[in-house]
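Colleague: Got a structure here, written out as structure tokens. Questions coming.
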Amino acid sequence: MTELSKTPLYELHVELGGKMVPFAGYEMPVQFPAGIMTEHNHTRAKAGLFDVSHMGQVILRGPDVASAFETLVPMDVAGLGEGRQRYGLFLNDQGGILDDLMFANRGDHLFVVVNAACKEADTAHMKAALEPAISVTPVTNRALLALQGPGAEAVLAGLAPEAAQMRFMDVRTLELQGAECWVSRSGYTGEDGYEISVPSDQAEALARTLLAHDDVMPIGLGARDSLRLEAGLCLYGHDIDAATLPAEAGLTWAIQKLRRTGGAREGGFPGAEPVLAQIAQGPARLRVGLRPEGRAPMREGVELFAEAEGGAPIGRITSGGFGPTVGGPVAMGYVPADLAAPGTTVYGELRGKRLPATLTKLPFVAANFKR
Amino acid sequence: MKYTEEHEWLLPEGDLIVVGITEYAAEQLGDVVFVELPEVGTEVTKDEEIVVIESVKAASDILAPLDGEIVEVNEALADNPGKVNEDAMGDAWFFKIRPSDLSPMDDYMDEAAYKDFIG
């Protein structure tokens, strides 16, 4: 067994009473003494501080790096303005999703943030496709913090007033307590907020300053999951994976029209043919939101049926749990496209019993971004 | 009061035994969001899974600590599962069982032994 890595905030998590668990090769806090429910609600009401340093940060640099990156992702990269960020996908040749990511135009380079569990593979994937023309450099001397919630702007603006001028998906370099931070106005909670890349040796001091604010509470992975689930955001390896194409995952919006069939820069990325064909023809199955009736959560792996009795499974839950803001169980999963209309009742099999769940438009909780 | 290694507490009440989970167990589970109780009148066998508890983290089962008949369940938990976190040792009892065989009670822990058990 390989030893677990620690983020620059490990000591602080332990000091704050974080319950540490292995996650994607790191020892991470799943919750703090306040508990998942309180942490979740606090983030929606005020502000939560998350350590997401386990995620991969990568710099891409070289001549016409935007066009080069377009050979790897089905996004409009060249049209992304300086100081702006966008959601992206790495795909295999079959169109399956290898990872989802955020990329930002930071002037003379692209800054890419990828999932922790995928970062080695993603880096190899980028190197194989882009080097030597483009340098692919993992950033290993920086932590990544997320400050999320309606109170995040006031808290961060207290350290750098320019933070308040940023809009959703803007990126800027801000000096926070003397540290050069790469800040984006985005996150994974459905709330307004920021992600802050900070030099590792200054991360703990910055985290302590943010946490010293009355409105800010430390948040673990448990609440991070319930927040993103209510926001209808995919968790890689669960809601999307290498056997899932963008359209069936409800991610066609992320593929700008000029990369689709008939667009000015149509195709030219891995899996373009099957990905564009599925967008044109419509997928056979779709990712949907589900609200199970009653209080019993339907978690990942629960099989779904069209009828209360008999018949074969029509799909399954890919992530689910209790939504504290919704006040009941929420889930996401896949069902056949002809059964995917909101309002449809399907049945999830829990402990041998089929319980009804209503298909619901995502997100479960409206996004609160500052556009 | 007696305690099981499954973190249940058992409190004799007349010829019934009241069963709940310990404060320690409730803390470990985290915020409880759903409790499924057995039906009144069910005959249960020791170690049979008879209660499902779902917390924000995961689902867990509660085992019948004794053979017997379920004679009462705490319906209030269905509407307010969070009670388990607030008052695990009191108001948040799960069920009352009329035991047909009390002998396992002798093997269960007293409070001091349970405290040692959870360290």
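Colleague: With only alpha-carbon atoms counted, please give the Rg and Dmax of region A:214-273, in Å.
Modeller: Cα radius of gyration and Dmax of region A:214-273 are 16.5, 52 Å respectively.
Colleague: Work out the FRET efficiency for B:N80 and A:T358 from their Cβ-Cβ distance, taking R0 = 22 Å, and round it to the nearest 0.05. Don't skip to the end; give the middle numbers.
Modeller: Values: r = 23 Å, r/R0 = 1.06.
In this case the efficiency is close to 0.40.
Colleague: List for region B:9-56: residues with 40 Å² or greater reduction in accessible area, all protein chains versus chain alone, probe 1.4 Å?
Modeller: Those are B:D31, B:V33, B:F34, B:E36, B:E54, B:V56, which lose 40 Å² or more relative to the chain on its own.
Colleague: Listed highest first by mean packing, meaning other Cβ atoms within 10 Å per residue, what order do B:90-103, A:157-170, A:37-50, A:66-79 come in?
Modeller: A:37-50, A:66-79, B:90-103, A:157-170
Colleague: Take each of the peptides A:285-291, A:182-188, average the number of other beta-carbon atoms within 10 Å over its residues, and list them starting from the highest.
Modeller: Details: A:285-291: 22.0, A:182-188: 23.6.
Per-residue Cβ counts within 10 Å, averaged per peptide and sorted highest first, yield A:182-188, A:285-291.
Colleague: So, one more: Using the basic label-point model (7 angstrom from Cα toward the beta carbon), what is the B:E48 to A:A277 distance in nanometres?
Modeller: My value for the distance between the label points is 5.4 nm.
Colleague: Follow-up. Hey, what number do you get for the protein assembly as shown at 222 nm if only DSSP H runs of n ≥ 4 count, each worth -39500 (n - 2.57), divided across all residues, to the nearest 500? Walk me through the numbers before you get to the answer.
Modeller: On the way: 12 runs with 96 residues, N = 490.
It lands at -5500 deg cm²/dmol.
Colleague: Using alpha carbons only, how many angstrom separate the centre of region A:270-289 from the centre of region A:304-331?
Modeller: 23
Colleague: Note down, for region A:284-371, the three equivalent ellipsoid semi-axes (square root of 5 times each alpha carbon gyration tensor eigenvalue), biggest first, whole angstrom.
Modeller: 22, 15, 10
Colleague: Here's a follow-up. Specify which residue in the list A:A357, A:L174, A:L229 is farthest towards the positive end of the charge dipole of the protein assembly as shown, using unit charges on the beta carbon of Lys, Arg (+1) and Asp, Glu (-1), about the Cα centre.
Modeller: A:L174
Colleague: Here is the link list: A:K353/B:K96; A:K119/B:K57; A:K46/B:K115; A:K46/B:K83; A:K46/A:K361; A:K353/B:K46. Which ones come out longer than 29 Å on Cα distance?
Modeller: Those over the limit are A:K46/B:K115.
Colleague: Now for a separate question. Beyond 37 Å, what percent of the Cα pairs of the protein assembly as shown remain?
Modeller: 36
Colleague: Next question, about the same structure. Give me the dipole magnitude in Debye, nearest 20, for region A:284-371 about the Cα centre, with unit charges on the beta carbon: positive for Lys and Arg, negative for Asp and Glu.
Modeller: 460
Colleague: Which parts of region B:67-103 would a label at B:I118 reach, counting a residue when its backbone N lies under 14 Å from a point 7 Å out along Cα-to-Cβ?
Modeller: B:84-90
Colleague: Right, here's the next one. Considering only A:P329, A:P132, A:P283, give the residue with the highest GNM mean-square fluctuation for chain A, with springs between Cα atoms whenever their separation is below 10 Å.
Modeller: Result: A:P132 has the largest fluctuation of those listed.
Colleague: Just tell me how shielded A:343-353 is by partners: mean number of partner chain Cβ atoms within 10 Å of each residue's Cβ, no decimals. The partial results should precede the final answer.
Modeller: Details: counts 0, 0, 0, 0, 0, 0, 0, 4, 5, 0, 1.
Average neighbour count from other chains, rounded to a whole number: 1.
Colleague: How far apart, in nm, are the 7 Å Cα→Cβ label points at A:E131 and B:E72?
Modeller: Placing both labels 7 Å along Cα→Cβ, they lie 7.1 nm apart.
Colleague: Between B:Q28 and A:R351, what's the calculated FRET efficiency when r is the beta-carbon distance and R0 is 30 Å? Round to 0.05.
Modeller: Once rounded, the FRET efficiency stands at 0.90.
Colleague: Now, a different point. Mind listing the long-range amide H neighbours of A:S5? Cut-off is under 5 Å, sequence gap 5 or more, other chains count too, H placed in the peptide plane at 1.01 Å from N.
Modeller: A:Y26, A:E27
Colleague: Taking +1 at the Cβ of each Lys and Arg and -1 at the Cβ of each Asp and Glu, which of B:Q28, A:A157, A:T325 sits farthest along the dipole of the protein assembly as shown towards its positive end, judged by Cα position relative to the Cα centre?
Modeller: A:A157
Colleague: Working out 0.36 nm times the residue gap between A:E82 and A:N368, then minus their Cα-Cα distance, what length gain in nm do you get to one decimal? Don't skip to the end; give the middle numbers.
Modeller: Details: separation 286, 0.36 × 286 = 102.96 nm, distance 2.39 nm.
So the extension gain works out to 100.6 nm.
Colleague: For region A:1-152, with the dipole built from +1 on Lys and Arg beta-carbon atoms and -1 on Asp and Glu ones, taken about the Cα centre, which of A:A45, A:Q57, A:I134 lies farthest toward the positive end?
Modeller: Ranked along the dipole, the leading option is A:A45.
Colleague: What Kirkwood hydrodynamic radius, in Å, does chain B give when the mean of 1/r is taken over all pairs of distinct Cα atoms and then inverted?
Modeller: 14.1
Colleague: Would you kindly state how much longer the chain becomes between A:A154 and A:E293 on full extension, computed as 0.36 nm times their sequence separation minus their alpha carbon distance, in nm to one decimal?
Modeller: Values: separation 139, 0.36 × 139 = 50.04 nm, distance 3.82 nm.
Here the segment from A:A154 to A:E293 would lengthen by 46.2 nm.
Colleague: Out of every Cα pair in region A:115-210, what percent are spaced more than 24 Å from each other?
Modeller: 30
Colleague: May I pose another question? In nm, to one decimal, how far is the A:K6 label point from the A:A284 one, both placed 7 Å along Cα→Cβ?
Modeller: Rounded to a tenth, the inter-label distance reads 5.0 nm.
Colleague: If R₀ is 41 angstrom, what is the calculated FRET efficiency for the pair A:T140 and A:A45, using the beta carbon separation as r and rounding to 0.05?
Modeller: On the way: r = 35 Å, r/R0 = 0.85.
Computed FRET efficiency for A:T140 and A:A45 comes out at 0.70.
Colleague: Please report the spacing between the Cα centers of region B:1-15 and region A:1-50 in Å, no decimals.
Modeller: If we compute the Cα centre of each part, the gap is 34 Å.
Colleague: Another question, then. Give, ordered by residue number, each residue of region A:213-232 whose 1.4 Å probe accessible area is reduced by a minimum of 30 Å² on adding the remaining protein chains to the chain alone.
Modeller: none
The values are calculated or read from the model by the stated rules, or taken from the named source; none is laboratory data. Everything numeric in this text was worked out from a predicted model, so none of it was measured. Cβ sites come from the backbone with ideal geometry, for glycine too, and all protein chains shown count toward neighbours. Note: accessible area is taken over every heavy atom of the protein model, side chains too, but ligands, DNA and RNA are not part of it. Shrake-Rupley method; radii C 1.70, N 1.55, O 1.52, S 1.80 Å.
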